[in-house]
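Okay, structure first, notes after.
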Amino acid sequence: KVLNKYIPADFDPKLVPRGKKPKDDLVPVRMMLPFSIQCSTCSSFMYRGRKFNSKKEAMKGPDGRYLGIQRFRFYIKCTVCSRPVTFLTDPKNADYEMESGATRNYEVHKDREKTGEEVALEKENEEKSDPMKALENRVLDSQREMADLDNLDEIKAMNMRHVQLMSGKGVVSGSGGFDESAKALLDVREAANKAQNEKIDEEVNENGLTASEEAMVKSIKFGSAFKGQKAPDKQTIQRLGEDDEDEFERRRRKDEELLEKQQRELSMKIKLAAKTKEDNKSARRPAFIPVIRGKRKRVATAAASKKPKAVPTPTTTSNSDSDGSGGALGGLLGAYGSDSDSD
């Protein structure tokens with residue numbers, strides 16, 4: 001982009017032709033929507049504060065001016081369907097007026113203002129038609145005004161009182177003297193300031209305490225200071241030593257042992273109760289009846305009874321047995337054989 005253009009020496013601006021624009025030409029204006037609207041074609045919403053490249057023109061006709069103030073018309077397009085939307089300026093209500101292409105959304109503050117105007121108009125008409133109602137309204141208005149004036153006077157008096165108290169002059173009462181409450185308040189404030197200044201001026205000793213704090217510590221009487229004396233009426237402070245700590249430890253252990261003993265006794269009682277309950281259940285059971293089972297005897301079959309018995313065969317002795325024992329044994333065997341043969 002060229003910033004500096006060459007201008008010849010013989011340049012004459014009067015010879016440059018001027019372009020004339022029509023008087024009613026539209027002027028491009030970058031503006032924001034003054035209210036939320038809804039498109040009449042696609043029903044899409046465009047909210048207040050949305051920026052548009054609009055076109056502006058002056059209105060014509062009898063409605064083009066209001067009390068000598070020129071009214072203007074703005075043209076924009078819907079962001080979805082590109083339908084032209086127009087709205088006008090409204091100098092009468094210090095607002096804008098929707099013309100075509102969309103509808104203006106509901107606004108609560110507009111409804112509230114309209115309702116207030118309607119109530120005021122209704123009240124005025126009622127007063128015109130009913131004189132007694134007008135008198136009642138005037139009485140109520142006067143009472144409200146008097147109450148407001150009383151509250152205002154009270155606030156002014158309170159503010160003046162605070163100003164005089166803070167300045168230290170006090171308040172003059174009706175009897176001609178200073179008000180007692182103001183004097184008391186000033187005395188308390190002066191005493192507090194004096195005590196604070198004295199506290200600041202006090203020096204701190206090597207222990208990090210002021211003189212007043214040191215005196216307070218020395219005034220404390222510990223328990224050892226009253227040994228062999230009658231105990232004072234006020235409560236004293238006792239310093240704990242190693243013997244006291246040992247005593248506390250011994251008491252703590254004793255308490256722990258007692259607690260353990262109680263827990264053991266409780267557990268034994270619980271076990272005994274459970275055992276007694278089990279014994280009672282077993283006593284209620286029916287007595288055990290023993291069952292005796294006998295062995296079955298085997299019965300011999302007919303085949304077993306017909307089986308022949310084994311017959312023992314006699315044994316022969318050798319001739320070499322010549323002693324008496326051999327002969328006796330032979331005689332016994334012979335007798336056994338004779339018996340079997342006889343059978």
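Pairs needed: first member in region 43-64, free of Cβ contacts under 8 Å to residues at least 12 places away in the same chain; second member anywhere, open to solvent by less than 20 Å² (accessible area, probe 1.4 Å) and assigned to a strand (DSSP E or B); C-beta distance under 8 Å; at least 6 residues apart or different chains.
Filtered contacts from region 43-64: no entries.
I'd like the full set of residues that are assigned to a strand (DSSP E or B) and either of a type in the set (V, I, T) or open to solvent by 50 Å² or more (accessible area, probe 1.4 Å) (or both), limited to region 19-31.
Selection gives V27, P28, V29, R30.
Of the conditions (1) under 30 Å from H162 (Cα atoms); (2) at pLDDT 80 or above, L258 satisfies every one except a single condition; which number is it?
Of everything listed in (1) under 30 Å from H162 (Cα atoms); (2) at pLDDT 80 or above, L258 misses just condition (1).
The values are calculated or read from the model by the stated rules, or taken from the named source; none is laboratory data. Being a predicted model, the structure only gives us computed values, none of them experimental. Note that each Cβ is placed from the backbone with ideal geometry, even for glycine, and that neighbours are counted across all protein chains shown. The protein model used for the area step is the full one, side chains on, heavy atoms only, and it has no ligands, DNA or RNA in it. Shrake-Rupley method; radii C 1.70, N 1.55, O 1.52, S 1.80 Å.
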